[in-house]
Every structure is written in C-alpha cells, then in structure tokens.
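Engineer: Sharing a structure below in structure tokens format, with a few things to ask.
The values are calculated or read from the model by the stated rules, or taken from the named source; none is laboratory data. Given the structure is predicted, the values throughout are model-derived calculations rather than measurements. So basically every Cβ, Gly included, is an ideal-geometry build from the backbone, and we count neighbours across all protein chains shown. Heads up: the accessible areas ignore ligands, DNA and RNA and are worked out on the full protein's heavy atoms, side chains in. Shrake-Rupley method; radii C 1.70, N 1.55, O 1.52, S 1.80 Å.
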Amino acid sequence: MMDLRGASPGQGEAAAPAPAVRFAPQVSHGDIRELRGPLLVVGGVHGVGWDEFATVDMARGECRHGLVLEVDHDLATLQVLESTDGMSLEGIRIRFDGRPLHVQVGTEWLGRVCNGRGEPLDGGPPVTGTATLPVSGWPLNPVYRDPPQEPVLTGISVIDGLATLVRGQKLPIFSVPGLPHLTLATQIAAQATAGGQTFRVVFAAMGLTHADIAYVRDRLEERSAGGELTLLLNAADDPVIERILTPRIALTIAEHLAYTEGHDVLVIMSDMTSYAEAVREVSAARREIPARRGYPGYLYSDLATLYERCGRVKGRDGSVTIVPVLTMPGGDITHPVPDLTGYITEGQIVLSQDVAARGIYPPVDVLSSLSRLMRSGAGKGRTREDHLDVAAQVLAALARARQATELAELVGEAALSETDRSYIKYRTLVEEGLFDQGRDEVRSLADTLDRAWAALAALPKQELTMLSTALLEKYLPKGDDGE
Amino acid sequence: MTMLSPEADGALAPIREALRSAADEEASELREAARQQVIALLADSREQAALIVAAAVKDGEAAARSEAALRSSRVRREANELVLAQRSRLLQELRQQLRTRALTLQHDQRYPALVNALTQHCLDLLGAAASVSMSPDGGVIGEAGARRLDLSLPILAGMTLESMPEARELWNL
C-alpha cells in the first residue's frame, strides 16, 4: 500500500487507534481563579497547550467540556462549550486531554443526528468508530492530490446544467438573508448523487434557528433514514466555540468516509458567515488585534484550512466535495467572508433577490454564477456531448436577452427587432422551463438539457452560433413547420 | 300638428322597409358578433379554468406528496429514535452493571496489590509529596495542592469500557 504518512488525511488511523490513549488517567485541576462569561480561568497548570480539549467535572457529577483559548505561565483560559451557567468557583475540576479535540470516525455516523460538537441529539448512544482522529485534520501533501473530476449531480437544473458541481470541488452558495438558500442547500443534500458511486452527505448546520433546524431535519429525513447522511446541528443559541468545531468535525467524518471507506462525500456547511462571526467572537475573547470589520487577520487562512480539506487523493476511491453556504450581510459581496471565500473556492453560485422577486426557485443569478471546474465534470464522456456548448449558448443568449429587455423598457417591445423580441421570449421560456423548479423536484441531466434546447428553439437558428450544425440537427426541437 | 297625406304613406313604404331591413341586418350582425364574443369568452374562460384547475391539481399533488413524505419521514424518525433510545438504555445498563461489579473488586484477594499499584501510580504522576487516600468506592485518590488524580474503581471501570471499541457491539446489536 502507498505510504501516505504525513500526507494523507487517513494516515493517523492505522498508526494509533486512540481509544487506548484515552485510557490514561487524567490529573484534574481544582484551582479555579475566575469565571467570566463563557470563560473559565484555572491556575496551577503546566504543559497545557492552545486549543487543547478539556473536561470540566462539576460538583454534582455533571460534566461539561472546554477548549483552551489562552495560556499564560501557569494560568489557562478555557471557553466552556456548554456555557458557564450555574457554575461556581467551588467544586469544579478540570481534566486536560493533552491534545486538541479528537473524534471517533466510522460509518456509525451515518444516519445519526448530533449537535455541533458531535454529541447525539437523536436519543442514541455516543457515536463510536473504528479510529480516532483530530478534528483539525492532517495536512495533505499537495502531490498526493488528484484534480477534481466527474460530476456530482444535484437534480437541480440550473446547477447541473450551467454550473456543474464536480467531485472534489468546493463551490459556495452566496446568498442574502431572506432568500431560500437553506431550502436549496437541503435540496442539494437530499438529491445529490455521483453516477454509480456510493454517495454520502455530511450536513453541518451552524448558527441556525431552532425552526430552521426542524426544517433541515424534515427535509433530510429520508436520506438520513437511508443511512446516507450525517447531521451536525449547531443552533444559534449554542456556544460560539462549538460553532468553530462543527465544520471541523464534519470534515473529519467526511474524510474518513471518503478516503478510508471509499465513498463520494458531499459536505454542506451552512451558514459560514455565522461560523466567521464565531471566529470573530473567540478572537475578541483572546484579545487578538482585529482586522477588517473586526474579523481576525487570519480569517483567510482559517477558512482555507476548512475549504482545502476537499478533494481527491491519489490511490483512494472516494472524494470530499464541499458546498459552503454564505449569507452576505446587506448583499455586500465585498464583505470579508464572501470576499475571502471567493479567493479560495472554485467558483460560486449566487442567489439574487431580483430573481426571487420574479417567483423563480432556486433564485440563482446565472450570469454571476460559475463553476470553474465545470469542464472537468461535464461534456462528452462525463455527462453528454452537448452539455458544455448548450450551457455556453444558454448563458450567452441570456446576456443578450437581458440587454433586449432593458431596451424594451426604454423604447417599448413593439419597437424592437424580430430577433430582439425572440430573445425576450427566450428569456421567459428559459426562466420558466429550465431555471424554475419545484423544491422537491429532481430532474435528470437529460431532462435539464432537453429543457435548455426547448428554450433555445425560440431563437432564430442563425443566433445559435455556439452550437455546431451536428448538435443542432440532433438536439434542437423541430417547430410545427419542420424548422 | 301636420299629418302626412295618405299618398305619402305609400311613397315612404320602401324607405321604411329599407330602414327596417338595415336595422334588422345590423341587429343580426350585432347578435352574431355578441354570440361570437360569448363563444370566444367562454372558450377563453374554459381554457383559463382548465389551466387553473391543472395548476391547482399539480400544486395539490405536490403538496400532498410533500406532506406524505414528511409524515412518513417523521414516523421513520420516531421508529429510529426508539431503536436508538433502546441502545442508550443498554449502554446505561452496561455502565451500571460495570460499576456494581467494579465495587465488588474490593473483596477480591488481588485488591491490596491493586491498591499498591494505584498508589504508586498516583505518586508517579503527582510527585512524592502527594497525599494518597482510599476512595469510598474502592481504589485510591491522590492529591497534591489543587491537583487531584481519581483512581477509584468505578472511574477505572468506565475508562476501561471507553478504551474497548469492540464493546460497542454490546449496545449496537
């Protein structure tokens, strides 16, 4: 077997099954100096490191957990994951794990519903696994990466047809509050497949309201019951430090399912803006110097440590594909979170209020959306021979249709040329026939492409300059007069 | 008031006839136009009604499908949660039994040797100045200032269970 030591996300598994490590008895520390908001300061500690995980034993047998935020001589500051409500300085003892948070990984995660730190919410026993891995992941040697390839089909026309998601890609959804991004994210999670491969989904919800969490559970129940989905749910009122762990736990589970179990895994992370706000809050608690809009200067590299965990690894069957969902405050695409995300990811799907106002679901602004790796996942031998050309033609025609619509607003539709009027008709057809889709509707790729051709048929043949004669002959629907 | 002469009546008759005929023709045309309009309106209304009914049927079917899927999902979730709750109970039961059995180790003939080993372990970790006392649950508890090491038997038993991945088969059956 290929030696990936120091390179592969799965490399730690065979080396040290960590349950045995946990058996080491832990010295507890009872010199609690201060309780301040979610922070707890303990004295008399030595050899404790940043981000180290700890267990907080309380007087009546209750157990909470914490993460070391800061170490100063023999003082350690912890953020308590379950908050410090009801705690007093007396009777608290801290046991340090001696390492950052680790989780047990394995197929037992599938079908389970847990909170943002991986504890069961479904009434079941704690999730156990075949290996224990650090949630921060292993650095992956770049030369062991395989480029993303082959499509992940979501059953959603506007994505599959025009911004195809590729196995191993990271493709964010940029949205604004109030738009149905959660509906779209759950629809992708419920419907996505990768032709012929075993497909698994890890859904990491961050900072969602309880109503949204109930909605997510309902929408994904079928896939969850089928043992194909893991749900990690961090609510808006859960501690922010837990929100920082949630995507890391999700990716650790996904990496094991992909690179050890051989599945294609889709990780959906919603909402990354909420995650970034948690990073900002923790950074403020650590008294770090704030950068743009109060976010820490390392926000870019922090986001990169998450997004860069997607991909494919040489010699391994599976893949990790990431779809982060971001809400842009005030629709501002220059906000640090979408801005920095855009540097790292490979394209974006942009949701627009204007499109939503026209009653189209999903309200994707197709002219602002792009999958940079689409060529690796679509076309002959991957989807269908006409896919890339049709997508290019649909987008080009839509850009022209938008100009024609603006012109019609100025001079009236009657004053337009016959060709311009056909573009306006095309726009209606493509929006109603191709882009607009039911919230539970699954469309095959062939259906999607046929709908695109049906809309293109509204244009004069000479306008379809991006499509070869052979493709036009084969796929363009014939009119009543045979044209 | 001046009346027309009886001769004039006869002379006007063709004009009256022509006027009546023209009025009848116009009325007929109006009737026909109205009839055509009614037919067109009815056809248009029927078409619109059919579209509305079709859309309503489609929406209704979609809503019913969603509702059925939702109910089915929730029932499945409840069933799954029953299974998971049972597994949790099994795990709790296992932990409880383990704790009870661990307490009985105090009466085992090897217990003094175990206490000695645990005491030594405490001193190794906390330093020679640490004080080590017997735990009420069996085993020992070491303390050095604010540092404490709990090596009582139920704690050790719990840690042993967590360190045995194969044990999960007992509650995941």
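Engineer: Let me confirm something: among A:Gly294, A:Gly315, which residue is in contact (Cβ under 8 Å) with a residue 40 or more places away in the chain, farther than 23 Å from A:His181 by Cα and either open to solvent by 10 Å² or more (accessible area, probe 1.4 Å) or of a type outside the set (Ser, Thr, Tyr) (or both)? I'd like the intermediate steps shown before the answer.
Structural biologist: On the way: A:Gly294 fails: in contact (Cβ under 8 Å) with a residue 40 or more places away in the chain.
So the residue among A:Gly294, A:Gly315 that is in contact (Cβ under 8 Å) with a residue 40 or more places away in the chain, farther than 23 Å from A:His181 by Cα and either open to solvent by 10 Å² or more (accessible area, probe 1.4 Å) or of a type outside the set (Ser, Thr, Tyr) (or both) is A:Gly315.
Engineer: Of all residues in the stretch B:144-157, which are at the interface with chain A (Cβ under 8 Å from one of its Cβ atoms), open to solvent by less than 50 Å² (accessible area, probe 1.4 Å) and not in a strand (DSSP E or B)?
Structural biologist: B:Ala146, B:Leu156
Engineer: Another question, then. Out of curiosity, is A:Ser283 open to solvent by 10 Å² or more (accessible area, probe 1.4 Å), away from chain B (no Cβ under 14 Å), among the small types (Gly, Ala, Ser) and outside any strand (DSSP E or B)? I'd like the intermediate steps shown before the answer.
Structural biologist: Details: open to solvent by 10 Å² or more (accessible area, probe 1.4 Å): no; away from chain B (no Cβ under 14 Å): yes; among the small types (Gly, Ala, Ser): yes; outside any strand (DSSP E or B): yes.
Considered against the rule, which asks whether it is open to solvent by 10 Å² or more (accessible area, probe 1.4 Å), away from chain B (no Cβ under 14 Å), among the small types (Gly, Ala, Ser) and outside any strand (DSSP E or B), A:Ser283 comes out as no.
Engineer: Also, I was wondering about something else. Give the residues of the stretch A:298-326 that are among the small types (Gly, Ala, Ser) and either in a strand (DSSP E or B) or modelled with pLDDT of 95 or more (or both), sorted by residue number. Steps first, answer last, please.
Structural biologist: Pass one, the stretch A:298-326, residues among the small types (Gly, Ala, Ser): A:301, A:304, A:311, A:315, A:318-319.
Once the filter is applied, which keeps residues that are among the small types (Gly, Ala, Ser) and either in a strand (DSSP E or B) or modelled with pLDDT of 95 or more (or both), the stretch A:298-326 yields A:Gly311, A:Ser319.
Engineer: Just checking, which of A:Ser157, A:Ser175 is touching a residue at least 12 places away in the same chain (Cβ under 8 Å), among the hydroxyl-bearing types (Ser, Thr, Tyr) and within 21 Å of A:Ile344 (Cα to Cα)? Full working, then the answer.
Structural biologist: Working: A:Ser157 fails: within 21 Å of A:Ile344 (Cα to Cα).
Unique residue meeting the criteria: A:Ser175.
Engineer: Continuing with this model, one more query. Output the qualifying pairs, or none if there are none: Cβ atoms under 7 angstrom, residues six or more apart or on different chains, first residue in the stretch A:87-100 and away from every other protein chain (no Cβ under 11 Å), second residue open to solvent by 30 Å² or more (accessible area, probe 1.4 Å) and in a strand (DSSP E or B).
Structural biologist: Note: pairs meeting the criteria are A:Met87/A:Leu35; A:Leu89/A:Leu35.
Engineer: Take the stretch A:25-45 and flag every residue that is open to solvent by 20 Å² or more (accessible area, probe 1.4 Å), within 38 Å of the chain's Cα centre (by Cα) and under 11 Å from A:Leu75 (Cα atoms).
Structural biologist: A:Glu34
Engineer: Here is a check on your reading of the model: is A:Val176 under 16 Å from A:Ser352 (Cα atoms), β-branched (Val, Ile, Thr), open to solvent by 10 Å² or more (accessible area, probe 1.4 Å) and touching a helix residue (DSSP H, G or I) at 6+ places or on another chain (Cβ under 7 Å)?
Structural biologist: Numbers: under 16 Å from A:Ser352 (Cα atoms): yes; β-branched (Val, Ile, Thr): yes; open to solvent by 10 Å² or more (accessible area, probe 1.4 Å): yes; touching a helix residue (DSSP H, G or I) at 6+ places or on another chain (Cβ under 7 Å): yes.
Criteria met by A:Val176.
Engineer: With the checklist (1) surrounded by fewer than 19 Cβ atoms within 10 Å (Cβ to Cβ); (2) within 30 Å of B:Leu70 (Cα to Cα) in hand, flag the one item A:Leu257 doesn't pass.
Structural biologist: It fails just one condition, (1).
Engineer: Still on this structure, please answer the following. Using the structure shown, decide if B:Leu105 is in a helix (DSSP H, G or I), open to solvent by 50 Å² or more (accessible area, probe 1.4 Å) and not charged (D, E, K, R).
Structural biologist: Working: in a helix (DSSP H, G or I): yes; open to solvent by 50 Å² or more (accessible area, probe 1.4 Å): yes; not charged (D, E, K, R): yes.
Taking the combined requirement at face value, the residue satisfies it.
Engineer: Does B:Ala117 count as part of a helix (DSSP H, G or I), in contact with a Pro (Cβ under 6 Å, 6 or more places away or on another chain) and either of a type in the set (Gly, Ala, Ser) or more than 30 Å from A:Thr130 (Cα to Cα) (or both)? Break it down stepwise before answering.
Structural biologist: On the way: part of a helix (DSSP H, G or I): yes; in contact with a Pro (Cβ under 6 Å, 6 or more places away or on another chain): no; either of a type in the set (Gly, Ala, Ser) or more than 30 Å from A:Thr130 (Cα to Cα) (or both): yes.
Spelling it out, it is not the case that B:Ala117 is part of a helix (DSSP H, G or I), in contact with a Pro (Cβ under 6 Å, 6 or more places away or on another chain) and either of a type in the set (Gly, Ala, Ser) or more than 30 Å from A:Thr130 (Cα to Cα) (or both).
The rows are residues; the columns are (1) in contact with a Phe, Trp or Tyr (Cβ under 7 Å, 6 or more places away or on another chain); (2) more than 10 Å from chain A (Cβ to nearest Cβ); (3) open to solvent by 40 Å² or more (accessible area, probe 1.4 Å).
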site: B:Ser72; (1), (2), (3): no, no, yes
site: B:Leu84; (1), (2), (3): no, no, no
site: B:Gln92; (1), (2), (3): no, no, yes
site: B:Leu98; (1), (2), (3): no, yes, yes
site: B:Pro112; (1), (2), (3): no, yes, yes
site: B:His121; (1), (2), (3): no, no, yes
site: B:Asp137; (1), (2), (3): no, yes, yes
site: B:Gly142; (1), (2), (3): no, no, no
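Engineer: Moving to a separate point now. Just name the residue that is farthest from the chain's Cα centre (by Cα) out of those in the stretch A:313-332 that are closer than 26 Å to A:Val364 by Cα and of a type in the set (Val, Ile, Thr).
Structural biologist: If we take residues in the stretch A:313-332 being closer than 26 Å to A:Val364 by Cα and of a type in the set (Val, Ile, Thr), then A:Thr327 is farthest from the chain's Cα centre (by Cα).
Engineer: Considering only the stretch A:403-483, give the helices (runs of 4 or more DSSP H) lying wholly within it that have at least 2 residues that are within 33 Å of the chain's Cα centre (by Cα) and not acidic (Asp, Glu). Before the answer, list the steps.
Structural biologist: Numbers: elements: A:418-430, A:445-456, A:469-475.
Qualifying helices (runs of 4 or more DSSP H): A:418-430, A:445-456.
Engineer: For the condition part of a loop (DSSP other than H, G, I, E, B) and open to solvent by less than 40 Å² (accessible area, probe 1.4 Å), what is the one hit in A:Gly86, A:Gly118?
Structural biologist: Numbers: A:Gly86 fails: open to solvent by less than 40 Å² (accessible area, probe 1.4 Å).
On inspection, the qualifying residue turns out to be A:Gly118.
Engineer: I'd like to check something: does the stretch A:269-279 contain any residue that is free of Cβ contacts under 8 Å to residues at least 40 places away in the same chain, more than 20 Å from B:Glu81 (Cβ to Cβ) and part of a helix (DSSP H, G or I)? Before the answer, list the steps.
Structural biologist: In the first step, residues of the stretch A:269-279 are kept if they are free of Cβ contacts under 8 Å to residues at least 40 places away in the same chain; the result is A:279.
After this cut, where a residue has to be more than 20 Å from B:Glu81 (Cβ to Cβ) as well, the list is A:279.
Now narrow it down to the ones that are part of a helix (DSSP H, G or I): A:279.
The answer is yes, given that some residue of the stretch A:269-279 is free of Cβ contacts under 8 Å to residues at least 40 places away in the same chain, more than 20 Å from B:Glu81 (Cβ to Cβ) and part of a helix (DSSP H, G or I).
Every residue, every condition in (1) under 30 Å from A:Glu277 (Cβ atoms); (2) surrounded by fewer than 19 Cβ atoms within 10 Å (Cβ to Cβ); (3) not assigned by TED's automatic domain parsing to the domain that holds A:Thr164, yes or no:
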site	(1), (2), (3)
A:Val350	yes, no, no
A:Asp365	yes, yes, no
A:Ser369	yes, no, no
A:Glu432	no, yes, yes
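Engineer: Tell me which of these A:Val127 doesn't satisfy, since it passes every other one: (1) away from every other protein chain (no Cβ under 13 Å); (2) farther than 15 Å from A:Leu251 by Cα; (3) of a type in the set (Val, Ile, Thr).
Structural biologist: (1)
Engineer: May I ask you to list the residues in the stretch A:184-232 that are within 12 Å of chain B (Cβ to nearest Cβ), open to solvent by 50 Å² or more (accessible area, probe 1.4 Å) and not in a helix (DSSP H, G or I)?
Structural biologist: Listed by number, the list holds a single entry, A:Gly226.
Engineer: Give the residues of the stretch B:18-45 that are open to solvent by less than 100 Å² (accessible area, probe 1.4 Å) and aliphatic (A, V, I, L, M), sorted by residue number.
Structural biologist: B:Ala18, B:Ala22, B:Ala23, B:Ala27, B:Ala33, B:Ala34, B:Val38, B:Ile39, B:Ala40, B:Leu42, B:Ala43
Engineer: A follow-up question, please. Quick one: what pairs do we get from the stretch A:422-443, first residue within 14 Å of chain B (Cβ to nearest Cβ), second of a type in the set (A, V, I, L, M) and surrounded by fewer than 19 Cβ atoms within 10 Å (Cβ to Cβ), C-beta under 9 Å, 6+ apart or different chains?
Structural biologist: Qualifying pairs under 9 Å: A:Glu432/A:Ile360; A:Asp436/A:Ile360; A:Gln437/A:Ile360; A:Gly438/B:Ala62; A:Arg439/B:Ala62; A:Asp440/B:Ala62; A:Asp440/B:Ala69; A:Glu441/B:Ala62.
Engineer: Consider A:Pro329 carefully, then state whether it is modelled with pLDDT of 95 or more and under 30 Å from A:Ala278 (Cα atoms). Quick ask: steps written out before the conclusion?
Structural biologist: Details: modelled with pLDDT of 95 or more: no; under 30 Å from A:Ala278 (Cα atoms): yes.
It is false that A:Pro329 is modelled with pLDDT of 95 or more and under 30 Å from A:Ala278 (Cα atoms).
Engineer: Same structure again: With the requirement that a residue be open to solvent by 30 Å² or more (accessible area, probe 1.4 Å) and more than 8 Å from every other protein chain (Cβ to nearest Cβ), what does the stretch B:159-169 give you?
Structural biologist: Selection gives B:Glu166, B:Glu169.
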